[in-house]
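The values are calculated or read from the model by the stated rules, or taken from the named source; none is laboratory data. Because the structure is predicted, anything quoted here is derived from the model rather than measured. No Cβ is skipped: glycine too gets one built from the backbone with ideal geometry, and neighbour counts run over all protein chains shown. Just so you know, the surface numbers come from the protein's heavy atoms only, side chains and all, with ligands and any DNA or RNA stripped out. Shrake-Rupley method; radii C 1.70, N 1.55, O 1.52, S 1.80 Å.
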Amino acid sequence: MIIIVPLAGEVKFYPLNDTFRVSFGAPAIFFLLLLLKKVPPALPGFLTASALILFRVGLDFVFLNETDVIYSFQQHCPTFFFYFTYACLFQFINIKRFRKSSLMIGLIGYVVELLSDSAELLAQYLILQTTITPSDFNEMNLAAFAHSFIVISFFNMLKLYEADSREKQIREKNEHMLLLISNLHEEAVYLKKTLKNAETVTVESYILYRDLLVDNKEASLRALRIAGEIHEIKKDNQRIFAGLSKLISKESFKDYIDVMELIQLVVRINEKYILLLNKNIKITYSIEGNHPDYHVYTVLSLLNNLVANAIEAISDSGKIHLLFRESAGVAEFHVFNSDSTIPEKYAHAIFQPGFTSRYDDLGNPSTGIGLSYVEEAVTNLGGKILFNNETNGVTFSIKIPMNQLTQKG
């Protein structure tokens, strides 16, 4: 405020004639006072008014060769009372309580400026012995009106900026929550698979215990202990799976969103991933057929894996195209990426857990569980996933019965 207001006061124009001047000093201090959070307005108003006087005296000395500093100070001193009175009235009225009403803000700004102008005119009369004419009041009234219009414009811009920032924060927070819940769906699929494996291993361990019971009692007891420990692990996993399933199975209307909103969500999330990897990749999309609202977490968890894989498969620059297609009650999701294809020798292995052909700069392999999860989840939903090498890239396609992705009932 100390820097901006003196500079803004020098930006002026003459909308009516050569004597009626409108500057941006008053709107600037008003706008900046609205931004104050914890500081009482009177203190920054005093400091700003003092800085403005010093600034104008300095301008007279540098550009007008005014060597009489006391004379220059007296000429500009009345302006101090304008800005200081402005800040004090701002604090007294507590104008921030009217933040929801732009019209009230403008009206109060108009009145405050008239009173501040009166304080400046009184100071001019007492210090400089100037006379006050009715035309001075007319100009003062017009200037206050013009400044009030500027203040309303600035204030509305501030409100629009705050609303836009708030909307952006809420959207990013919602996207983060959607990602978290979609990841929970992914983990639930793996946990369910682990439970099946634990059950199988428990049964096999118990069978081994019975087989060894006659010939090797000590080994049979060890097998029994192993079976018991696996059984305990299985029960712990069952409790985790039960809680997780309860958390993600409480479906509501908000869990299902429009197909356009869903595909734009996928694009926005993965564009951030592209920036993180510092790649030049353009994502496009198209929609064919009539799509109902889809279960956002299920579709998001599937597509994010495929799109993330596509981004990682592109070495530096390329393109990714998403196609949503509806055909005879089947939802189809196609993800094409340029710059790479799947070698024929990997065709039967890419959906196996742990398989990967990607390594980081240090030679460490990726986890290789993304595609295996997608294949497992799609199969559980009664669908299928396949890929097709093309001349300039590869397309992964998911086909799922639509009733598996839409709201029940």
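Given the criteria open to solvent by 70 Å² or more (accessible area, probe 1.4 Å) and over 23 Å from residue 11 (Cα atoms), does residue 122 qualify? Give the steps one after another, and end with the answer.
Values: open to solvent by 70 Å² or more (accessible area, probe 1.4 Å): yes; over 23 Å from residue 11 (Cα atoms): yes.
When the stated conditions are applied, residue 122 passes them.
On the basis of being under 23 Å from residue 34 (Cβ atoms) and assigned to a helix (DSSP H, G or I), does residue 84 make the cut?
Numbers: under 23 Å from residue 34 (Cβ atoms): yes; assigned to a helix (DSSP H, G or I): yes.
Criteria met by residue 84.
Filtered by the rule that a residue be in contact with a helix residue (DSSP H, G or I) (Cβ under 6 Å, 6 or more places away or on another chain), of a type in the set (Ser, Thr, Tyr) and open to solvent by 30 Å² or more (accessible area, probe 1.4 Å), the range 274-309 gives a lone residue, 285.
Within the range 375-409, restricting attention to residues that are modelled with pLDDT under 85 and in contact with a helix residue (DSSP H, G or I) (Cβ under 6 Å, 6 or more places away or on another chain), the residue that is least open to solvent (accessible area, probe 1.4 Å) is 377. Consider the range 382-405 and keep the residues that are over 32 Å from the mean Cα position of the chain (by Cα) and of a type in the set (A, V, I, L, M). The one that is farthest from residue 315 (Cα to Cα) is 385.
When you go through 311, 274, 281 one by one, which is the residue that is farther than 26 Å from residue 405 by Cβ, hydrophobic (A, V, I, L, M, F, W, C), modelled with pLDDT of 85 or more and in a helix (DSSP H, G or I)?
Exactly one residue qualifies, and that residue is 274.
Here residue 67 fulfils each of the conditions (1) farther than 13 Å from residue 30 by Cα; (2) part of a helix (DSSP H, G or I); (3) of a type outside the set (Lys, Arg); (4) open to solvent by 70 Å² or more (accessible area, probe 1.4 Å) apart from (2). For the range 21-57, the candidate set comprises residues that are touching a Gly at 6+ places or on another chain (Cβ under 6 Å) and in a helix (DSSP H, G or I); within that set, the residue that is surrounded by the fewest Cβ atoms within 10 Å (Cβ to Cβ) is 25. Only one of these conditions is not met by residue 149: (1) within 26 Å of residue 27 (Cβ to Cβ); (2) assigned to a loop (DSSP other than H, G, I, E, B). Which number is it? For residue 149, the exception is condition (2).
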